[in-house]
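In what follows, a single structure is set out as structure tokens and then discussed.
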Amino acid sequence: MANRPLLPVVLIVTGVLSLSACSAANTPAAETSAPAASPVSSAPSASPAAEPRSTPDAAPPVFTSCDEAITPEFRQMVADNGWVGWNMVGQQIGHSPFDVFPSGAPTGQLSCRFGAGPEVATDNVLDLAWAPIDEAAAQSAQKYLAEAGFQRIESTGATQWATRPGDGGWADDDGWGETYSFTGTDVRWAVTREDLAYIAPAA
């Protein structure tokens, strides 16, 4: 279990995308308080995937860099900790949590790692991911996640699919681990459900 530098008010987690681990194995580290994720509006279930929520009056977000894809508050925390963010897509070390989707990882995806730098051999990092996604790809991805054992959570403006890692796995204060969030125009991913709050809003 790695010891990591603490951000002033942020939970630093070792992502499943760490330099020495795959997406199936999360490596925990020390915690501080972190921003709460969107409240759950109904109990999770393993029911089939609902149609992605659409927001016809709102332009979908288009992020072209990891710096754009995060909230200003989290961006400041990263800077205060002396960290940088980089996109692991296409690199030899690193991967995308969207690679498992039946349609493949969406074009335009960002698989972001925040830490001391891509050249530093450390697992003291926090991983987030974002991608635009169309309705057909979102449907097939959610069907895959349901079959893979993820639990469905209806959240404000999104349908989320999360794991319950239990003892020995990374989870937030509510017990949720690795989570995918479908907003109708994009898909988001974080090591724990509450870390989704670090990704910039959908609109």
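FYI, it's all coordinate maths here, none of it is from the lab. None of the values given here were measured: they were computed from a predicted structure. Cβ placement follows ideal geometry from the backbone for every residue including glycine, while neighbour counts extend to all protein chains displayed.
Tabulated data for the structure shown
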read-out: S111, S140 arranged by Cβ crowding within 10 Å, fewest neighbours leading; value: S140, S111
read-out: Of the GluC sites (Glu not before Pro) in segment 114-164, those whose Cβ has at most 16 other Cβ within 10 Å and which sit in DSSP loop; value: E119
read-out: For D186, distant residues with modelled amide H under 5 Å away; value: I133
read-out: Long-range HN-HN contacts of G169 with modeled amide H, under 5 Å; value: none
read-out: Gain in span if fully extended, D67 to S103, counting 0.36 nm per residue against the direct Cα distance; value: 10.3 nm
read-out: Residue order, fewest to most beta carbons within 10 Å, for L110, L128; value: L110, L128
read-out: Quotient of Cα Rg and 2.2 N^0.38 Å for segment 67-198, N being how many residues it contains; value: 1.04
